[in-house]
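Here is the structure we will look at.
The values are calculated or read from the model by the stated rules, or taken from the named source; none is laboratory data. Every value quoted in this text rests on a predicted model; they were computed, and no experiment measured them. Note that each Cβ is placed from the backbone with ideal geometry, even for glycine, and that neighbours are counted across all protein chains shown. Surface accessibility is based on the protein's heavy atoms, side chains included, excluding ligands, DNA and RNA. Shrake-Rupley method; radii C 1.70, N 1.55, O 1.52, S 1.80 Å.
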Amino acid sequence: LRYVNGSCAELYELLLTTFGADYKVQSTSGGYIITTDGLTGYYALPAAFYKLLGADVLLSGSGESGTWDALKPFAFADRNKAGSSRSPRYRLNGSNLWLQPLPAAGLTIRVFYAPLLTALDGTGGAGDALEDFAGWGEYVVIDAALKAKVKAEEDPAPLMLAKQALLQRITATAENRDAGSPATVVDVTGGLDFEDGAERGW
């Protein structure tokens, strides 16, 4: 079970780190909501938080129909530069989202994130099913078997070759789930914030 969970984590990390936010998000709509209190710039992230996919601030309205502005990160070296941007900037700080400059009370921030992978517990219940990405669950089987071979001091070479073949297949096919419109560069027109508060794009 430990080998299987380790192999599941390896596949999950491969998909999230190599291919971005296309595979797992904690919510398809509302995101995780933070409401600022005007007293602190540090706000706790949920216990299941793993990787940040994006953060927005609500400018007007409410919910999905509201007007949202994507927050931009700040470098640690710029932590004391308040600037004059209309929206705060963010930085991950341990298990917190750190907002600078200190935001006013009542701001609504929504956070989209990839959650931690839920480990299998071996009970065979409904929550104990392997999440099989497009048949890539075979990667977990092969990798766990490889670890068992190594533990038993047996020749792992055939399984290493099988794992390499699966890795090549995943690398070749997983990069873009939208085959009709491949991903390109991010559109930053009009979305660059400078210290003078202006937004410029090129």
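With respect to residue 144, is the statement that it is touching a Gly at 6+ places or on another chain (Cβ under 9 Å) and closer than 23 Å to residue 1 by Cβ true?
yes
Only one of 165, 148, 119 is assigned to a loop (DSSP other than H, G, I, E, B), open to solvent by less than 80 Å² (accessible area, probe 1.4 Å) and at pLDDT 85 or above. Can you tell me which?
One residue alone meets the criteria, 119.
Where the second residue is modelled with pLDDT of 90 or more and open to solvent by less than 30 Å² (accessible area, probe 1.4 Å) and the first is under 20 Å from residue 170 (Cα atoms) and of a type in the set (D, E, K, R) and lies in the stretch 127-151, which pairs have Cβ atoms under 6 Å and are six or more apart or on separate chains?
Pairs that qualify, where the first residue is under 20 Å from residue 170 (Cα atoms) and of a type in the set (D, E, K, R) and the partner is modelled with pLDDT of 90 or more and open to solvent by less than 30 Å² (accessible area, probe 1.4 Å), are 143/7.
Please indicate, with yes or no, whether at least one residue in the stretch 123-134 is open to solvent by 50 Å² or more (accessible area, probe 1.4 Å) and at pLDDT 85 or above.
no
So is residue 171 outside any loop (DSSP other than H, G, I, E, B), modelled with pLDDT under 90 and either open to solvent by 80 Å² or more (accessible area, probe 1.4 Å) or under 26 Å from residue 51 (Cα atoms) (or both) or not?
Yes.
Can you tell me which residue within the stretch 74-102, out of those that are open to solvent by 60 Å² or more (accessible area, probe 1.4 Å) and closer than 27 Å to residue 47 by Cβ, is modelled with the lowest pLDDT?
Among residues in the stretch 74-102 that are open to solvent by 60 Å² or more (accessible area, probe 1.4 Å) and closer than 27 Å to residue 47 by Cβ, the one modelled with the lowest pLDDT is 79.
Taking the stretch 1-33, which residues are modelled with pLDDT under 75, in a helix (DSSP H, G or I) and open to solvent by 60 Å² or more (accessible area, probe 1.4 Å)?
22
Working only within the stretch 64-78, note down all residues that are under 23 Å from the mean Cα position of the chain (by Cα) and among the charged types (D, E, K, R).
64, 69, 72
When the residues of the stretch 34-70 are filtered to those that are part of a strand (DSSP E or B), hydrophobic (A, V, I, L, M, F, W, C) and loosely packed, with under 12 Cβ neighbours inside 10 Å, which remaining residue is modelled with the lowest pLDDT?
Among those that are part of a strand (DSSP E or B), hydrophobic (A, V, I, L, M, F, W, C) and loosely packed, with under 12 Cβ neighbours inside 10 Å, it is 70.
Every residue in the stretch 100-116 that is in a strand (DSSP E or B) and not aliphatic (A, V, I, L, M), please.
Once the filter is applied, which keeps residues that are in a strand (DSSP E or B) and not aliphatic (A, V, I, L, M), the stretch 100-116 yields 100, 108, 110, 112, 113, 115.
Looking at the stretch 11-52 only, could you name the residues that are over 15 Å from the mean Cα position of the chain (by Cα) and either within 22 Å of residue 171 (Cα to Cα) or charged (D, E, K, R) (or both)?
37
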